[in-house]
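Notes to accompany the following structure.
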Amino acid sequence: MTHALRTRLAEVSAALDGASGHAAAAVAAADRNAEANRRLSAAGGNLNASSTRIANALAGMAESATRLRAAEARLLFQSARLKRSSKSIREGLDRLDKAGEVLQQRAREARAVAETADRTATLITAIEAAAARGESFDHLISAGRELTGRLEGRRRAP
C-alpha cells in the first residue's frame, strides 16, 4: 500500500470516526427529542383533562346560575305576594279597629238606654207606689225629682 493510500484511509477512517460521533450525537439527540415528545404528549393529555374539568366546572356554574336566577324569581314573586297580603292584613286590621270603635259606641249607647230604662222603671214604680198611697200629684213630682237626683248622683259616683 502506498503512502497516499494509507493517508487516504486514515482520512476516511477519521471522517468515519467523526461521522460515527455525529451519528451517536444524532441518536442521543433523537432519544432526547423522543423523551421530550413523550413529556409534551403527557402534558397535552393533562391539559386536555384539565380543559375537560374546567369545561365541566363552567357548565356546573352556568347551571347553578340558572337555578339561582329561578330561585330569585320565585323569591321576588313571593315577596310581592307577601306585600299584597301584608297590605290586605293592614286594611283588615283598620276595618276591625273601626268596627271595634263602632261597637264600643253602640255599647255606650246601649248602657245609656239601659240606665234610662232603669231610671224610668224606678220612677214609674215610685209614682205607682205614691199613687197607691193616695199622695197628691205635686208630691209625686217632687218625689220623682228627688229620686232622679239620687240616681244621677249614683251614676256620677266613681
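We did not get these values from a lab; they are worked out from the coordinates using the rules stated. Since we're looking at a predicted model, the values are computed, not measured. Note that we place each Cβ from the backbone using ideal geometry, even for glycine, and neighbour counts take in every protein chain shown.
A few notes on this one:
- Chain lengthening between Leu103 and Ala25 when straightened (0.36 nm per residue, less Cα-Cα): 16.8 nm
- Value at 222 nm in deg cm²/dmol, rounded to 500, when DSSP H runs of n ≥ 4 in the chain each add -39,500 (n - 2.57): -36500 deg cm²/dmol
- In the chain, the longest principal axis of the Cα atoms and the axis of helix 137-156 are about 20 degrees apart.
- Globularity index of the chain, i.e. its alpha-carbon radius of gyration over 2.2 N^0.38 Å: 3.95
- Estimated from the Cβ-Cβ distance and a Förster radius of 41 angstrom, the FRET efficiency linking Ala112 and Asp138 is about 0.85.
- Taking the longest Cα principal axis of the chain as reference, the axis of helix 3-133 is set at about 0 degrees.
- When the Cα positions of Asn48, Leu58, His139 are compared along the charge dipole of the range 23-158, Asn48 comes out farthest toward the positive end, with charges on each C-beta of Lys, Arg, Asp and Glu.
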